[in-house]
Structure formats: structure tokens, C-alpha cells
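Nothing in this text is a laboratory measurement; each read-out follows from the coordinates by a stated rule. This one's a predicted model, so the numbers in the text were calculated from it and none came from an experiment. Every residue, glycine among them, receives a Cβ derived from its backbone with ideal geometry; neighbour counts consider all protein chains shown.
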């Protein structure tokens, strides 16, 4: 490079290239640079425009709503769409601040999992929902430690169906109850903490014992047999005594 005596500008030294017009070459190079720069600017401008439109679109479609207690503390926080329907994460809080509930909404319906927490933050209840907002699948209730399962039941299309289980704090089974359409209907069994059966019978239309009802001691020995009528009135028909020591068939 050299300085032009008639100018303070630094210019490129002209090279002697036989058979080529240097001015023409420089003009082509400058044109290509100008085109490349313009193309890059247009691409960046296009991308920026897309991001801008996307941001405006999302801001128009989604809105965070908060409700508050009279004290001014946050009660609920959730997301709504342009039709004011809940869509996305939902949270509810105790007035003192800790999280009480968390769920996911779609078109104003709860989907997937909903969890409830105690004031100390431990998990209390877990519910499961399908895409239609119906209770579906496991429903779990926990002891105060938040990890030991207390009650386990299953929902099918918003109704409790199948075996309902209740556990002792140590995790061992305490009760097994057959449920149909939200009501106890069918065999049930209650257990001692050592796992031995305590009671065994049948429920009918709720917690009404019907038919044979058996009671056992913690060693597994039958100590009583009762017969329950349609009014759930039960009378003892056998218990061990010297004259009749053999328990009846179960």
C-alpha cells in the first residue's frame, strides 16, 4: 500500500496484470461485495422480522393471570389464551406463600398430573387425568412425610374402579377393598401390621358387610365367623369352644 500524494486516503497499489482490465476487475469485486453485504443484511432482517412476528403472536395468544388473597398475597397463577381459557401451567399457593397445587390445563381442562402439597412442602396427593379432563389411572395419597404411600386407588373415566389399597406407614398393606363405580362392592380384606389377615368378607353397595364375615387373630387363627344380612346386620354363627373347636370352611 502507498499514500496518494494528492490525497490523505490510503489506496491499493495498482498491480500490472496483462490481458485484464484492473478497473473492470475491481468493479466486479466491489459489486460482489456489495451484493453479498446486501444479501446478508436482507437475511438478518428477514430472520429478525420472523422473530418479531413470533414474539408478537405469542404475546397476543398467551397471558399470565394472578389472583390474590385479601392480604395481597398470590392465591393463583395460571396462563390463559386469547379466549380467556386456561392453557398451560397452573399453580395455587397458601396465603403464607408455599405452593399448594400444581397442574397443567388445556382448553380449561386439567390434563396429565395434578399434585397437592402440604404447608410444609411435602407431597399429599397425586391425581392423573386424560386428554378429556377426566380422572384416569392412579390416584395416590401420601402420609405426612410425603414419600410413604397411604391410599392407592384407580380411576376409569372419572369413577373409582378395581382394588382400593390402604397401607400402614411402614409400607405394609392394611386394607384391600373391591370398588365398582365409586362404591365398595365385592371382597375386602383387612390385615395386621405383621401381614396376617384380621378380617375378610364382602361389601355390598358401600361399606355394608354382606354374607360371611371372618375374623382372625394375629397368628392367623380364626376366632369368629359371622353372617350378615341385607341390612348389614351381622350375627355370630361360630367361635371356638371345647364343643366346637374346628373352624368352618372359609
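Considering region 106-125, the residues that are surrounded by fewer than 15 Cβ atoms within 10 Å (Cβ to Cβ) and under 24 Å from residue 86 (Cβ atoms) include one that is nearest to the chain's Cα centre (by Cα), namely 113.
If the condition is being over 49 Å from the mean Cα position of the chain (by Cα) and loosely packed, with under 11 Cβ neighbours inside 10 Å, then region 205-248 contributes 241, 242, 243, 244, 245, 246. Flag: residue 232 does not match the condition of being closer than 30 Å to residue 146 by Cα and touching a strand residue (DSSP E or B) at 6+ places or on another chain (Cβ under 8 Å). Just the residues that are crowded, with 18+ Cβ neighbours inside 10 Å and within 14 Å of the chain's Cα centre (by Cα), please, taken from region 79-99. If the condition is that a residue be crowded, with 18+ Cβ neighbours inside 10 Å and within 14 Å of the chain's Cα centre (by Cα), then 90 is the only one that fits. Restricting attention to region 179-188, the residues that are touching a strand residue (DSSP E or B) at 6+ places or on another chain (Cβ under 6 Å) and surrounded by fewer than 17 Cβ atoms within 10 Å (Cβ to Cβ) total 4. Cβ-Cβ contacts under 6 Å between residues 6 or more apart (or on different chains), taken from a first residue in region 145-160 that is in a loop (DSSP other than H, G, I, E, B) to a second residue that is surrounded by 15 or more Cβ atoms within 10 Å (Cβ to Cβ), are listed as 146/123; 157/134; 158/134; 158/135.
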